[in-house]
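Trainee: Mind looking over this structure? Questions follow.
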Amino acid sequence: ADAALSLWRRNGVVVFEKLLTPHATEALLSAVRAAEADDGATDYTLVTRNAKRGTRSHKALPVSAAREALGEVAQRIGPFLSAALGGGGALALMESGFMVTRPGAEAQAFHRDVAPGVVSASSL
């Protein structure tokens, strides 16, 4: 956590390699595929930057749909998040989402996602 925190403070970004086990990765991928195919899933594609028709899918992924994988992520990076974000207590994940890109999608620089007012409590 200390090395990641130092990198975060210096560069504003950190990479966690091998964050998920293969089993959790498959479970998460399955949940994403199901949500992408679900026409009733909360969809942010139309408010996504450079959302050229058919090249991106940006949707909410209910925390409950990916509980195992997200729990694994929380266990691995929880100490970093507590140190980076402060607060000292338990952290609560309120929402999660995903973006699937396809050939022809315009490249994007690293940026904050959709405005919080748009996605507030979207995937609870």
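Rule-based calculations on the coordinates, nothing more; no lab input. This one's a predicted model, so the numbers in the text were calculated from it and none came from an experiment. Cβ: placed from backbone, ideal geometry, glycine included. Neighbour counts: every protein chain shown.
Trainee: What ranking, highest mean first, results for peptides 61-73, 87-99 when packing means the other Cβ atoms within 10 Å averaged over each residue?
Mentor: Numbers: 61-73: 18.1, 87-99: 12.7.
Those peptides, ordered most packed to least, come out 61-73, 87-99.
Trainee: Specify the angular offset, from 0 to 90 degrees and rounded to the nearest 10, of the alpha carbon long axis of helix 22-37 from the longest principal axis of the alpha carbons in the chain.
Mentor: It is inclined by approximately 30 degrees.
Trainee: Could I have the simple spin-label model distance between S82 and D39, label points 7 Å from Cα toward Cβ, reported in nm to one decimal?
Mentor: In this crude label model, S82 to D39 measures out at 4.6 nm.
Trainee: Between L91 and T55, how high is the FRET efficiency from 1/(1 + (r/R0)^6) when r is the Cβ-Cβ distance and R₀ = 41 Å? Nearest 0.05.
Mentor: FRET efficiency, L91 to T55: 0.80.
Trainee: Here's something else I'd like to know. Going by alpha carbons, how many degrees (0 to 90, nearest 10) lie between the helix axis of 2-11 and the longest principal axis of the chain?
Mentor: 60
Trainee: Sticking with this one: Please find the FRET efficiency linking A3 to T25, where r is the Cβ-Cβ separation and R0 is fixed at 25 Å, and quote it to the nearest 0.05.
Mentor: That gives a FRET efficiency of 0.60.
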